[in-house]
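For reference, the structure is listed below as structure tokens.
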Amino acid sequence: MAKKFKIKKGDQVMVIAGDDKGTTGEVLQVLTKKDAVIVAGCKMAKKAIKPSEQNKEGGFANVEMPIHISNVKKVEA
């Protein structure tokens with residue numbers, strides 16, 4: 001049976017727990033299998049990027065990581 005969440009892609013949410021507590025942002029993606037959401041500008045992590053044909057240099061990129069859905073609440077815009 002599919003899970004249903006009240007938070008959907010594009011909603012404005014506020015982080016209520018963790019390092020980014022109190023920050024607001026837009027939901028970029030909802031991960032139903034992990035019960036998590038990806039919020040723009042929250043829980044940033046540095047990821048290493050290998051040099052390749054398209055990306056000649058490589059280096060590091062800041063990427064948003066998933067936040068458990070119980071740690072965010074919907075905000076009326």
Keeping to region 1-34, report how many residues are under 19 Å from residue 63 (Cα atoms) and part of a loop (DSSP other than H, G, I, E, B).
8
Qualifying positions in region 27-76 - loosely packed, with under 15 Cβ neighbours inside 10 Å and closer than 14 Å to residue 6 by Cα:
29, 31, 32, 35, 68, 70, 73, 74, 75, 76
Being β-branched (Val, Ile, Thr) and part of a loop (DSSP other than H, G, I, E, B) is the filter here, so list the residues in region 47-77 that pass it.
75
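Each row is one residue, and each column tells you yes or no for (1) modelled with pLDDT of 95 or more; (2) touching a helix residue (DSSP H, G or I) at 6+ places or on another chain (Cβ under 9 Å); (3) not hydrophobic (A, V, I, L, M, F, W, C).
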{"residue": "26", "(1), (2), (3)": "yes, no, yes"}
{"residue": "30", "(1), (2), (3)": "yes, yes, no"}
{"residue": "36", "(1), (2), (3)": "yes, yes, no"}
{"residue": "40", "(1), (2), (3)": "yes, no, no"}
Give the residue that is farthest from residue 9 (Cα to Cα), with candidates limited to residues of region 35-46 that are assigned to a strand (DSSP E or B) and among the small types (Gly, Ala, Ser).
45
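The values are calculated or read from the model by the stated rules, or taken from the named source; none is laboratory data. Note that the coordinates shown come from a computational prediction; the quantities given were computed from them, not determined experimentally. Note that we place each Cβ from the backbone using ideal geometry, even for glycine, and neighbour counts take in every protein chain shown.
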